[in-house]
Amino acid sequence: MENKSPLTSAREARLDKWLWAARIYKTRTIAAEACKRGQISMKGSSLKPSRMIKAGDVIDVRKPPITYSFRVLQPIEHRIGAKLVPEVLENVTSPEQYELLEMARISGFVNRAKGTGRPTKKDRRCLDEFQSGEPEFFGDFDFDDEED
């Protein structure tokens with residue numbers, strides 16, 4: 001009987017299976033949904049869940065407020081232990097992205113006084129908008145410095 005290690009890699013693997021196996025997403029379903037929503041990309045183009053990836057590919061995973069970048073070291077399709085993850089992927093996320101994450105963490109709690117309870121629906125929408133990076137629509141304003 002042959003004993004196969006989970007890290008015995010093939011040449012290629014499905015993207016949704018690799019995202020799940022490398023512990024980037026908790027379930028394969030969530031990984032596939034992220035692909036369908038356009039949160040997974042390679043070289044600027046969105047990827048489908050069935051896309052075959054190979055060693056050396058760099059995959060961008062957008063989890064607001066930042067975008068993580070991972071280099072595929074081994075294309076696997078079977079879930080592995082957390083201690084084996086460094087053998088499967090290399091985190092090549094830029095330091096600027098981590099600074100964005102820290103700024104979002106800090107700014108989310110600046111205006112909240114301790115003991116005020118959960119954020120309201122409006123607070124939550126503002127926080128989500130800030131984290132997604134989409135500017136709020138302010139209407140038509142005249143930004144000219146000239147006075148009439």
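On inspection, Ile59 fails the criterion of being without any contact (Cβ under 8 Å) to a residue 60 or more places away in the chain and closer than 27 Å to Cys126 by Cβ. At negative phi, under 14 Å from the mean Cα position of the chain (by Cα) and either among the aliphatic types (A, V, I, L, M) or not assigned by TED's automatic domain parsing to the domain that holds Phe130 (or both): does that describe Ser69? For Ser69, the condition - at negative phi, under 14 Å from the mean Cα position of the chain (by Cα) and either among the aliphatic types (A, V, I, L, M) or not assigned by TED's automatic domain parsing to the domain that holds Phe130 (or both) - is met.
Between a residue in the stretch 15-29 that is assigned by TED's automatic domain parsing to the domain that holds Ile80 and any residue that is basic (Lys, Arg) and assigned to a helix (DSSP H, G or I), which pairs come within a Cβ distance under 6 Å, given they are 6 or more apart or on different chains? Here the result reads Asp16/Arg28; Trp20/Arg28, each pair linking the stretch 15-29 to a residue that is basic (Lys, Arg) and assigned to a helix (DSSP H, G or I).
Tell me, which residue of the stretch 90-113 that is touching a helix residue (DSSP H, G or I) at 6+ places or on another chain (Cβ under 9 Å) and assigned to a helix (DSSP H, G or I) is modelled with the lowest pLDDT? The extreme case among them is Gly108.
Cβ-Cβ below 8 Å, separation at least six or inter-chain, first residue in the stretch 78-102 and in contact (Cβ under 8 Å) with a residue 40 or more places away in the chain and not assigned by TED's automatic domain parsing to the domain that holds Tyr25, second surrounded by fewer than 11 Cβ atoms within 10 Å (Cβ to Cβ) and not in a loop (DSSP other than H, G, I, E, B): which pairs? Within 8 Å, no pair qualifies.
Per-residue answers, yes or no, for (1) out of contact with any Pro (no Cβ under 9 Å at 6 or more places or on another chain); (2) crowded, with 16+ Cβ neighbours inside 10 Å; (3) under 30 Å from Asp128 (Cβ atoms):
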| site | (1), (2), (3) |
| --- | --- |
| Arg11 | no, no, no |
| Trp20 | yes, yes, yes |
| Gln74 | yes, yes, no |
| Leu89 | yes, yes, yes |
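Reported count of residues in the stretch 48-72, each being in contact with a Gly (Cβ under 9 Å, 6 or more places away or on another chain) and surrounded by 14 or more Cβ atoms within 10 Å (Cβ to Cβ), is 5. Can you tell me which residue in the stretch 15-56 is farthest from Leu89 (Cα to Cα), limited to those that are assigned to a helix (DSSP H, G or I) and in contact with a Leu (Cβ under 7 Å, 6 or more places away or on another chain)? Per the stated criteria, the residue is Cys35.
The values are calculated or read from the model by the stated rules, or taken from the named source; none is laboratory data. Bear in mind the structure is a predicted one, so any value in this text is a computation, not a measurement. Because the Cβ atoms are built from the backbone with ideal geometry, glycine has one as well, and the counts that use them run over all protein chains shown.
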